[in-house]
Amino acid sequence: MALCSVRKARGCWSFIRALHKGPAATPAPQVSEHTQLSWILTCMVRLPRLQHLHQWKAKAARQKHDGTVGLLTYPVLQAADILCYKSTHVPVGEDQVQHMELVQDLARSFNQKYGEFFPLPKSILTSMKKVKSLRDPSAKMSKSDPDKLATVGITDSPEEIVRKFRKAVTDFTSEVTYEPDSRAGVSNMVAIHAAVSGLSVEEAVRSSAGMDTARYKLLVADAVIEKFAPIRSEIEKLKKDKDHLKKVLLAGSAKAKELAYPVFQEVKKLVGIL
């Protein structure tokens, strides 16, 4: 994963704005303190520490060990994004817990060398810690997956969502059950259904009584469509108002800068740059 461009930031801002309903922190490229702090933190971490991160190993393997330095050091940039605001709690997916451990280690190392400065941020995990790929339920759902049927996007049309769930991998047993170890594909359907509908896993299974997996996949698709509909509608509305989006970006940039600037000034004093 490389740094997002401002163009990409503006493209995805509709989604962020639709969820948050107001100016929020801007993407990293508009706040130079993120990358400056990232460089300082990079100087405090050893190469093997980054090479042992699960996501680096998995992505480097998919790229036939041709991963870039930017991909390798991206978790340090993530750490800078968090520490630049002295964050104490960070909502993350289960796949990011190891990266959060790196954040804590970097904060701890900085504090040991320069005195107590950064809090050690804690991970906040949701009840559904990881969404699995629709095509390979042993792997997480990822927007970078080359198989476009594997991932459901917020902006996918209802027709696209139905098509992806029709093609989702399950198994040859028709009954719907939740058995992640032995029936990963069907269990993934149940987990997604529970997450978007607000049901417990047990309630989601009970609601499927009498259905085979083919019918159940369509029920889950409908639940996802219903959940995404108001968000998708808001995104489409906001995309038409580019001037408003630019204003929100500028306001978010100013607010993020206001918060990050004094923290990084203190960091520079502590490390001897000023």
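The values are calculated or read from the model by the stated rules, or taken from the named source; none is laboratory data. Please read these numbers as outputs of a predicted model, since none were measured by experiment. Note that each Cβ is placed from the backbone with ideal geometry, even for glycine, and that neighbours are counted across all protein chains shown. Protein only, heavy atoms only, side chains kept; ligands, DNA and RNA dropped before computing areas. Shrake-Rupley method; radii C 1.70, N 1.55, O 1.52, S 1.80 Å.
General remarks:
- Screening the stretch 105-144 for residues that are of a type in the set (Gly, Ala, Ser) and open to solvent by 70 Å² or more (accessible area, probe 1.4 Å) and picking the one that is farthest from ALA58 (Cα to Cα) gives SER127.
- Scope the stretch 74-90; condition open to solvent by 40 Å² or more (accessible area, probe 1.4 Å) and assigned to a helix (DSSP H, G or I); matching residues: TYR74, GLN78, ASP81
- Helices (runs of 4 or more DSSP H) contained in the stretch 159-274 and holding at least 2 residues at positive phi and of a type outside the set (A, V, I, L, M, F, W, C): none
- Candidates PRO180, PRO137 - the one that is farther than 27 Å from PRO230 by Cα and under 21 Å from the mean Cα position of the chain (by Cα): PRO137
Here is a yes/no grid of residues against (1) modelled with pLDDT of 95 or more; (2) among the basic types (Lys, Arg); (3) surrounded by fewer than 21 Cβ atoms within 10 Å (Cβ to Cβ):
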site	(1), (2), (3)
ASN188	yes, no, no
HIS193	yes, no, no
GLU203	yes, no, yes
LEU218	yes, no, yes
LYS227	yes, yes, yes
ASP243	no, no, yes
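- Among the residues of the stretch 146-158, those that are assigned to a loop (DSSP other than H, G, I, E, B) and either open to solvent by 70 Å² or more (accessible area, probe 1.4 Å) or under 24 Å from GLU226 (Cβ atoms) (or both) comprise PRO146, LYS148, LEU149, ALA150, THR151, VAL152, GLY153, ILE154, THR155, ASP156, SER157.
- GLU179, sole failed condition from (1) open to solvent by less than 70 Å² (accessible area, probe 1.4 Å); (2) touching a Ser or Thr at 6+ places or on another chain (Cβ under 7 Å); (3) under 25 Å from SER207 (Cβ atoms): (1)
- Close contacts from the stretch 252-274, counting a first residue that is in contact (Cβ under 8 Å) with a residue 40 or more places away in the chain and over 19 Å from TYR114 (Cα atoms) and a second that is open to solvent by 40 Å² or more (accessible area, probe 1.4 Å) and of a type in the set (Phe, Trp, Tyr), with Cβ to Cβ under 6 Å and a gap of 6+ residues or different chains, come to LEU259/TYR85.
- Residues satisfying the criterion are absent from the stretch 54-73 (criterion: buried (at least 20 other Cβ atoms within 10 Å of the Cβ) and at pLDDT 90 or above).
- Residue in the stretch 245-267 that is open to solvent by 40 Å² or more (accessible area, probe 1.4 Å) and closer than 22 Å to ALA150 by Cβ present: no
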